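One structure coming up, written as structure tokens, with questions to follow.
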Amino acid sequence: MDETVAEYIRRTVLKIPRDEIKTMLQKWGFLSEAQLQTLNFHQIKDNISQEVVQLCEENSADIKQAAVLDIIYNHIYQNKRMWSVYQMKKTGEEWEYFDITDFKKKFKGRLRSALKNVTITFKEYEDNAIWIRVAWGTPYKKPNQYKPSYVVYHSQTPYVFISASVLKSNLPLLCQALIVASNYHDIREMELRSHSLNSLKDIVFKRYSQNFQTYYPKPLQGGNVEPESADIRIVRENRSEKERIHRLNREVFGSGPQPKLEFAQYKLETMFKSDPKMGVLDKKEPFRCLVKFSSPHLLESLKSLAPAGMADAPLSPLLTCIPHKARNYFKIREKKGLFPENFVSP
Amino acid sequence: ENVDPQKTAFVLRKAWTLYSVTPLYRFHRGRLRDYARLLSAFIAAEKQKGLAVEVGVELDIKVAVSSLADLRGSEQDQAAVLVQLSLRSRASSRNSEDKLVWSGWFCSVYGDDLSENMPEDFTCLPLFLTHGAESYTSVVGSWFQKTFDCCFRRLAISPLNLSWMVAMWAGCKLDRAASAVELVFSIPHLSQPLDISYAIHPEDAKALWDTVQKTPGEITQEEVDVFMDCLYAHFHRHFKIHLSAAKLVKVSTAVASAHCDGIVKILHSQYLPGVLMLLTELAISQIQ
């Protein structure tokens, strides 16, 4: 077995938490159950990975099999990577039957005709997701297995999720191979990025609960503020205001769980407006700002701002539009004309 | 003031942790070499006890204590005192240079409020800045406390003081292309905590400050409030969020950056005295 392959397998196993190693090797299926039985999972990871490498040696593992193990690891720990979303466009409306073999052949062909040294690996999952791993080399160097790109493609949709490696220069070639293989004619990057791959899917596949324009004839009893106190002397202040805020929140965000995003970024190029009495800045040029919101769960966080008294309800559409506009990067300019209060996002 | 840039270069572009220090009792500037020796012995003893430092037994800690005449505001201020800890490996003593692992310096820049009525035996250097492992800070601090009967306290910077800093520094004139004026807010008590970074183009921030500040060379609380209110209003116009109710935790400009936990980084030598003066003032308020 090639020693670079051995080293790669060793390092991949080292990344896996000790309790997960056996399951992952089983999913991989490259080592037999009998071989797995011989492994001692109660020793330090260094030793476990050495033993795994030895077993792989017995089975003459090559880079193709090692790459599959890497996909499995990254599929389970997909949230460690940053994912960007791309949308592909077709010319016509014809729905073509998707042939996975044809897809793979065309994808490999396109990449290999441009780049001789490249490792391409596919793995299909039950939810119709095709995972593609590409390790990039140059005409003179073998592929760098430690900085691959990952692509997740759901063949029934025009969306592709890419976690590019640091080597951004290969991105155009990767995009080209994708559209050639899937019979689309164009691809563009959406302004949507997150570590949570599932949340990105929720947003573009519209799998989250959206706000529906439902008419509520009277305020809903459930999902409301704190329950009534038995003591009639305790009166809740601003009760109707609190209910109004909750209702608006529900209308805007829906009542289900929000897709998990970690940040939203706004490049503001709007005018600075102030009370003329203050005698401050009155320039004709934009007041340039960059605003970035971050949170372990951004949308839930924004949803809780108005009830906490930190924001007005309804919250600004610049924030609430994130899921249905499917973007978390914005450039905001002043809208010219009758209503200077409105903003335009190109 | 002619400050030798070489002597003060060590201050720039490092993150310094701030402390306030009460006056040092019977500190003699002529005995700096003795102090270095005593501190060195103290550190060695602490190491033997198994406390403090994380280095192996093979490494020696060398202590240097020096006086920095350039780092002060007026003649009334005491000159700064710099303490440096370096590592010298006993194994390869010939070739290897000493590696600086920790620096700490005491200073006073226009600290008259404190030193005015101080009895002779006391040396006022209310601001203490450290860079390096916390364990070393602890050992050095302990020695100074024992030897000079002084008291160290971490210097927190309130949102009020942070807003002073950002207003002042945003207004500074800089010849080179400057970095953005950034304010970082935190809203920790929500179901999911939220951090907001609000970065303004330095030219636009300065333009705003220039229209707010009425008297050059002087800054009032009212002017700082107007400046901040303008920023809050612009933000609210877009996002409907009351930024004034969030906690301002960090401000960052091309001149300097400061964090509410009492950590500053000074980037521009031109404004070094101004920044140190402000920090000295904060340290003195914490002591009094």
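So in region B:238-252, with the set limited to residues that are facing another protein chain (nearest Cβ under 7 Å) and open to solvent by 20 Å² or more (accessible area, probe 1.4 Å), which one is nearest to B:Ile263 (Cα to Cα)?
B:Ala245
Something else about it: Would you please name the residue that is surrounded by the most Cβ atoms within 10 Å (Cβ to Cβ), looking only at residues in region A:177-195 that are more than 16 Å from the chain's Cα centre (by Cα) and under 15 Å from A:Tyr150 (Cα atoms)?
Among those residues, the one meeting the criterion is A:Ala177.
Here is a follow-up. Given the criterion open to solvent by less than 60 Å² (accessible area, probe 1.4 Å) and assigned to a strand (DSSP E or B), identify the matching residue among B:Ile196, B:Ile219.
After ruling out the rest, the residue left standing is B:Ile196.
Residues that are touching a Ser or Thr at 6+ places or on another chain (Cβ under 7 Å), closer than 25 Å to A:Ala326 by Cα and not in a strand (DSSP E or B): does region A:131-147 have at least one?
There is no residue in region A:131-147 that is touching a Ser or Thr at 6+ places or on another chain (Cβ under 7 Å), closer than 25 Å to A:Ala326 by Cα and not in a strand (DSSP E or B).
Can you tell which of A:Leu290, A:Leu268 is open to solvent by less than 20 Å² (accessible area, probe 1.4 Å) and at pLDDT 85 or above?
Just one listed residue meets the conditions, A:Leu268.
Tell me, please, whether a residue that is surrounded by fewer than 22 Cβ atoms within 10 Å (Cβ to Cβ) and within 14 Å of chain A (Cβ to nearest Cβ) can be found in region B:258-268.
no
Continuing with the same structure: Looking only at region A:325-346, count every residue that is modelled with pLDDT of 85 or more and closer than 18 Å to A:Leu298 by Cβ and tell me the total.
Matching residues across region A:325-346 total 7.
Of all helices (runs of 4 or more DSSP H) completely enclosed by region A:1-101, which ones contain at least 1 residues that are among the hydroxyl-bearing types (Ser, Thr, Tyr) and loosely packed, with under 15 Cβ neighbours inside 10 Å?
A:3-15, A:21-28
Table: residues versus (1) among the aliphatic types (A, V, I, L, M); (2) in contact with a helix residue (DSSP H, G or I) (Cβ under 9 Å, 6 or more places away or on another chain); (3) at the interface with chain A (Cβ under 9 Å from one of its Cβ atoms).
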position: B:Trp164; (1), (2), (3): no, yes, no
position: B:Val181; (1), (2), (3): yes, yes, no
position: B:Ile187; (1), (2), (3): yes, yes, yes
position: B:Gln192; (1), (2), (3): no, yes, yes
position: B:Ile196; (1), (2), (3): yes, yes, yes
position: B:Ala199; (1), (2), (3): yes, no, yes
position: B:Val212; (1), (2), (3): yes, yes, yes
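Do you know which of the residues in region A:298-319 that are open to solvent by 10 Å² or more (accessible area, probe 1.4 Å) and in contact with a Pro (Cβ under 9 Å, 6 or more places away or on another chain) is nearest to the other protein chains (Cβ to nearest Cβ)?
A:Glu300
The values are calculated or read from the model by the stated rules, or taken from the named source; none is laboratory data. Here the structure is a predicted model, which means the values were calculated and not measured. Note that we place each Cβ from the backbone using ideal geometry, even for glycine, and neighbour counts take in every protein chain shown. In case anyone asks, the SASA skips ligands and DNA or RNA and just uses the protein heavy atoms, side chains included. Shrake-Rupley method; radii C 1.70, N 1.55, O 1.52, S 1.80 Å.
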